[in-house]
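Engineer: Following this message is one structure expressed as structure tokens.
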Amino acid sequence: MNEPRAGEPRFVAAAPHDANAPPHDANAPHEASAPPTEVSTQRAGVWTNLLLLALGLATLALYLYGQGFDRAHKLQIVWFIKIALAQCALYALAAWLIWRARARRSTLVLVVVFAALFRLSVLVAPPLLSDDVYRYVWDGRVQVAGVNPYRH
């Protein structure tokens, strides 16, 4: 191999340049990125659980607000629909987070806890839009007494 002499310029052969290629961005991520580490996976799981906790608490707060609103303002249907739509949006976001998250025991526990909380809150709540449930209870008591409630 011929080494350049002292004082002579050194030339390096370069790959041919494609004029149509986009300019190289030094800050762009590399094509083959490293797999996520265990620490980054754990952090993502913690953030997912924190977001799910916040979404669950916000949904529960909206539910309780709706219960209080019913007693104070005789529940205007427009407000009911607005609260229900906000809860649906929070639920959709939570479902998307769970769908994208890795399977973790802590996420499952969080989902089960909020599922139980929402079901328990409905058990002790008064009827919201209709009081038909009281009629069903009366029909049941009449049937237990041996009378057909649909006869009268």
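Engineer: Just the residues that are part of a loop (DSSP other than H, G, I, E, B), under 15 Å from Gly45 (Cα atoms) and among the aliphatic types (A, V, I, L, M), please, taken from region 77-135. Break it down into steps so the answer makes sense when it comes.
Structural biologist: Kept after step one, since they are part of a loop (DSSP other than H, G, I, E, B), are these residues of region 77-135: 101-104, 124-131.
Filter once more, keeping what is under 15 Å from Gly45 (Cα atoms): 101-104.
Across region 77-135, the qualifying residues are Ala101, Ala103.
Engineer: Now for a separate question. Quick check, is Arg71 modelled with pLDDT of 70 or more and open to solvent by 50 Å² or more (accessible area, probe 1.4 Å)?
Structural biologist: On the way: modelled with pLDDT of 70 or more: no; open to solvent by 50 Å² or more (accessible area, probe 1.4 Å): yes.
Answer is no for this residue.
The values are calculated or read from the model by the stated rules, or taken from the named source; none is laboratory data. Just so you know, these numbers come straight off a predicted model, no measurement behind them. Remember, those area values only see protein heavy atoms, side chains included, never the ligands or the DNA or RNA. Shrake-Rupley method; radii C 1.70, N 1.55, O 1.52, S 1.80 Å.
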